[in-house]
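Everything below concerns the one structure shown next.
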Amino acid sequence: MTKLATGASALAIGLMLAGTLSAQTLPLKPLPDDADRYFWWYHQVQTDEVLSNMQEIVGKPATAMASPPTAPIKIAVIYPSQDVSDFWLRSYLSMEARLNEMGLPFEAVQYASNMGDFLLQSTYAEQAAREDFQYVIFGPSELQAQQDDIKHLMDAGKKVIVLNYDTPIQEWGDDQPMMYTTFSHLFGALNICNWVVENLGTEGTYAMIRGIVGGIDDQRSGGFRDCLAEKSNWKLAYEHYGEFQREGGFNGAQLITSAYPEVTLIHNANTAMAMGAISAVQAAGIGDKVGVTAWGGTGDEIDALKNGELLATPMRMSDDVGVAMAEAIRADIEGRTADIPLVFLGRIDIVSGKSTPEDVEAKANEAFRYTGRNTLER
């Protein structure tokens, strides 16, 4: 079993594994002064069994609906599916497959964008608010910057699922979206931190290629940095913001390897930047001196692991999130809103160059059980 960070983070992770929020546990209370800054919402309410029950349902094949609606439900999906990471499209395709498997008729419209296209995503949200969608799945590039768009959709009567975020907005009190669904960004960061300490030792010099300033990067990059500082003597040489883009990873890695030759590890906060960093390291001919780690476990990362270009990555059981979205919609239609966790967290494990082919194969088959093993073409 992978070890977890000690102290407050370990407590938070313990709570995370024990359960999560359900819609019935609100309203929220103010953040205590000593609350873990990544998991303040676990201090708001008592945990329950809603998450574990939903995870159990998600991990099994679908059951057919006894009385599906006669008219298709209408779903809008607003997300940065043009990103290099196949997480976004896999989330949609696994939801689609699960809805079909359970026999729930639907019509879905996808509104695609790149990471950081805040204005375009806001335009899409305004359009979806005016149309007759019952459900809107919104995957914002950064939740804090786009929370007004989500609130506008909610005020327009849409049932909103927020994709790729696990921290409810405190200012909204008990007026929350139907569900937040993702993988714990911090949990993945702590896992890759522990892998580094256990496999690369407790001393060295590293750099980080971060994403966009905000909640996701704070957990993926900030959590990794804080964990290494707590558990080892690794020194941080430089932090470069790559905007979650492949080019940002490439440019950041070029800068790091030229200005900080003592760096032996570059950690990246997503797939796209990791792929860019790998390209830069390989182009410079220093792949034997500078290792690269990532976050996500997408198809590109699995290929890079097999090719010996990536050291390790937290691998999400990718299709869990899309399946959870489908099951949440079904529960809402069937009047089982108490069965919908406010936050759904998919499963995460570490894969690395040291993982056996059989282990990677088993994890990949489970992760991509609805969407297939190959990297999706976009």
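The values are calculated or read from the model by the stated rules, or taken from the named source; none is laboratory data. Computed from a predicted structure; not experimentally measured. Because the Cβ atoms are built from the backbone with ideal geometry, glycine has one as well, and the counts that use them run over all protein chains shown. Side chains included, ligands, DNA and RNA excluded: accessible areas come from the protein's heavy atoms. Shrake-Rupley method; radii C 1.70, N 1.55, O 1.52, S 1.80 Å.
Data for the structure
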{"read-out": "Formal net charge of residues neighbouring residue 280 (Cβ-Cβ distance under 12 Å; K, R +1; D, E -1)", "value": "-1"}
{"read-out": "Length added when fully stretched, residue 100-residue 365, from 0.36 nm per residue minus Cα-Cα", "value": "93.4 nm"}
{"read-out": "In Hz, Karplus ³J(HN,Hα) per residue of the stretch 229-237 (6.51, -1.76, 1.60; θ = phi - 60°; x = Gly, Pro)", "value": "5, 6, 10, 7, 10, 4, 9, 8, 8"}
{"read-out": "Neighbour net charge for residue 370 - beta-carbon separation under 9 angstrom, K R +1, D E -1", "value": "0"}
{"read-out": "Average accessible surface area per residue within the chain, 1.4 Å rolling probe, Å²", "value": "39 Å²"}
{"read-out": "Surrounding net charge for residue 101, when Lys and Arg each add one and Asp and Glu each subtract one, Cβ distance under 13 Å", "value": "+1"}
{"read-out": "Whichever aspartates and glutamates have a C-alpha closer than 18 Å to that of residue 158, once near sequence neighbours (fewer than 8 apart) are set aside", "value": "107, 126, 131, 132, 148, 149, 174, 175, 327, 332, 334"}
{"read-out": "Accessible surface of the chain, 1.4 Å probe, proportion on carbon and sulfur as whole %", "value": "49 percent"}
{"read-out": "Theoretical gain in end-to-end length, residue 144 to residue 114 [0.36 nm per residue, Cα-Cα removed]", "value": "9.1 nm"}
{"read-out": "Estimated distance in nm for a label pair at residue 71 and residue 288, the labels positioned 7 Å out from Cα along Cα-to-Cβ", "value": "6.8 nm"}
{"read-out": "Interatomic Cα distance distribution for the chain, bins of 20 angstrom, percent", "value": "30, 59, 11, 0"}
{"read-out": "Two-site FRET efficiency, residue 172 against residue 354, from Cβ-Cβ distance with R₀ of 35 Å, rounded to 0.05", "value": "0.20"}
{"read-out": "Nearest-ten-degree value, helix 87-102 long axis tilted from longest Cα axis of the chain", "value": "40 degrees"}
{"read-out": "Calculated over the stretch 175-290: convex hull of Cα atoms, volume per residue (Å³)", "value": "101 Å³"}
{"read-out": "Coordinate range along principal axes, alpha carbons of the stretch 47-114, Å, largest first", "value": "37, 35, 21"}
